[in-house]
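Each remark here refers to the structure printed beneath this line.
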Amino acid sequence: MAKTDKQYTIGIDIGGTNMKAILFDGEKIIMDYKLATPKDTLEHFMIMLNALIEPLVDKARNDKVKIKGIGLGIPGTIDYKEKKILTCNNAHIIDGVKLASQLEEKLGMQVSMDHDVSCFLRAEMKLGAGRKYNNAYGIIIGTGIGGAWWFNSEIYQGSHGGAGEPGEMVIDVETGLSLEAAYHKLTQNNPAALADEAYRGDVLAEKVFEEVGYNLGIAFANIVNIVDPEVIIIGGGVIESSDLFLSKIKKIMREYIHSTESKKIKVIKGKLGEHAGAIGAALLMEHGT
């Protein structure tokens, strides 16, 4: 007989290319599912989101386990009071949409939303690379650059829910160029292809990653000088190629970090892999937030 106190949660990570969903029991993934992220209409997006959730609901039903709720990781800005997506960087069709409320009505279960990098960092702090730390900054380097700050056992959201956006940091005062804009410009919006070229010995590609490392090193040093975390945890697709730029990041950080003690800060990779964001979204249900 199934234990009645056991519950599952669903975690969804809405990415620029794919939407990843997991059925989670609090410790491990019971089932995972992935579909392409629709970009054409809101109606198509909702149909695909429903198709993503359905197999997980069926699995829970077969296991005779109740689903406590759904957590959504959104790559963009959220109005937490209104439970509304203000802007979704990679899927603008859900800009201004009260996605959590719409899903709650449709599925009859509680739905919470959070920034995708906050989800990544929450998962790493509770179950991954950050378990022994209390003050950590998380950065995802992938389609774009996103960040979040974990302080005193929770994500620091700021006064208006907009904290932790290192990609918006201005790195060229003359032109107003942001870190993320510079990253897109350098990698020509295709960091994976550029990494392949660098590994094949393309000197120009190698130099581009050196410059990416330089820019990130400056940004990381600024973060350390302002919030002084114990550790910086990095994730995202581009981390698979981090040997092309991580040593540069560390070198530049040491040059620009002010405090002698803070220069010792570790930059470590996340441990939970491609499902970190979905796990962190599922963990939103832990406190029923």
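The values are calculated or read from the model by the stated rules, or taken from the named source; none is laboratory data. None of these values were measured; they are calculated from a predicted model. Glycine also receives a Cβ, built like all others from the backbone with ideal geometry; neighbour counts cover every protein chain displayed.
List of remarks:
- Residues (in contact with a His (Cβ under 9 Å, 6 or more places away or on another chain) and either at positive phi or of a type in the set (A, V, I, L, M, F, W, C) (or both)) located in the stretch 77-90: Ile78
- Single residue of Val208, Val170, Val117 found to be aliphatic (A, V, I, L, M) and within 30 Å of Asp25 (Cβ to Cβ): Val117
- Extreme residue, surrounded by the fewest Cβ atoms within 10 Å (Cβ to Cβ), among residues of the stretch 66-83 that are more than 19 Å from Thr143 (Cα to Cα) and touching a helix residue (DSSP H, G or I) at 6+ places or on another chain (Cβ under 8 Å): Lys66
- Positions within the stretch 36-52 being among the small types (Gly, Ala, Ser) and surrounded by 12 or more Cβ atoms within 10 Å (Cβ to Cβ), in sequence order: Ala51
- Taken as a whole, the condition of being under 30 Å from Phe209 (Cβ atoms), in contact (Cβ under 8 Å) with a residue 60 or more places away in the chain and either in contact with a Pro (Cβ under 9 Å, 6 or more places away or on another chain) or surrounded by fewer than 24 Cβ atoms within 10 Å (Cβ to Cβ) (or both) applies to Ile139.
- The residues of the stretch 119-176 that are of a type outside the set (Gly, Ala, Ser), assigned to a helix (DSSP H, G or I), more than 21 Å from Ser262 (Cα to Cα) and more than 12 Å from the chain's Cα centre (by Cα), listed by number, are Lys126, Leu127, Glu168.
- Any hit, the stretch 109-118, residues being touching a strand residue (DSSP E or B) at 6+ places or on another chain (Cβ under 6 Å), of a type in the set (S, T, N, Q), part of a helix (DSSP H, G or I) and buried (at least 16 other Cβ atoms within 10 Å of the Cβ): yes
- Filter pass, Ile232 being among the aliphatic types (A, V, I, L, M), assigned by TED's automatic domain parsing to the domain that holds Ile141, outside any helix (DSSP H, G or I) and buried (at least 16 other Cβ atoms within 10 Å of the Cβ): yes
- For the stretch 235-264, taking the residues that are assigned to a helix (DSSP H, G or I) and small (Gly, Ala, Ser), the one that is modelled with the lowest pLDDT is identified as Gly237.
- Yes/no for Ile78 being modelled with pLDDT of 95 or more and in the same structural domain as Asp95 (by TED's automatic domain parsing): no
- Set Ala51, Ala36, Ala60: member being of a type in the set (A, V, I, L, M, F, W, C), free of Cβ contacts under 8 Å to residues at least 24 places away in the same chain and farther than 25 Å from Ile140 by Cα: Ala51
- Breaking point among (1) surrounded by fewer than 20 Cβ atoms within 10 Å (Cβ to Cβ); (2) part of a strand (DSSP E or B); (3) among the acidic types (Asp, Glu), for Glu105: (2)
- Test: residue in the stretch 201-208 that is touching a strand residue (DSSP E or B) at 6+ places or on another chain (Cβ under 9 Å) and either in a helix (DSSP H, G or I) or in contact (Cβ under 8 Å) with a residue 60 or more places away in the chain (or both): no
- All positions within the stretch 253-279 that are farther than 9 Å from Val224 by Cβ and free of Cβ contacts under 8 Å to residues at least 12 places away in the same chain: Arg254, Thr260, Glu261, Lys264, Gly273
- Within the stretch 23-66, if we keep just the residues that are basic (Lys, Arg) and over 25 Å from Ile93 (Cα atoms), the residue that is farthest from the chain's Cα centre (by Cα) turns out to be Lys64.
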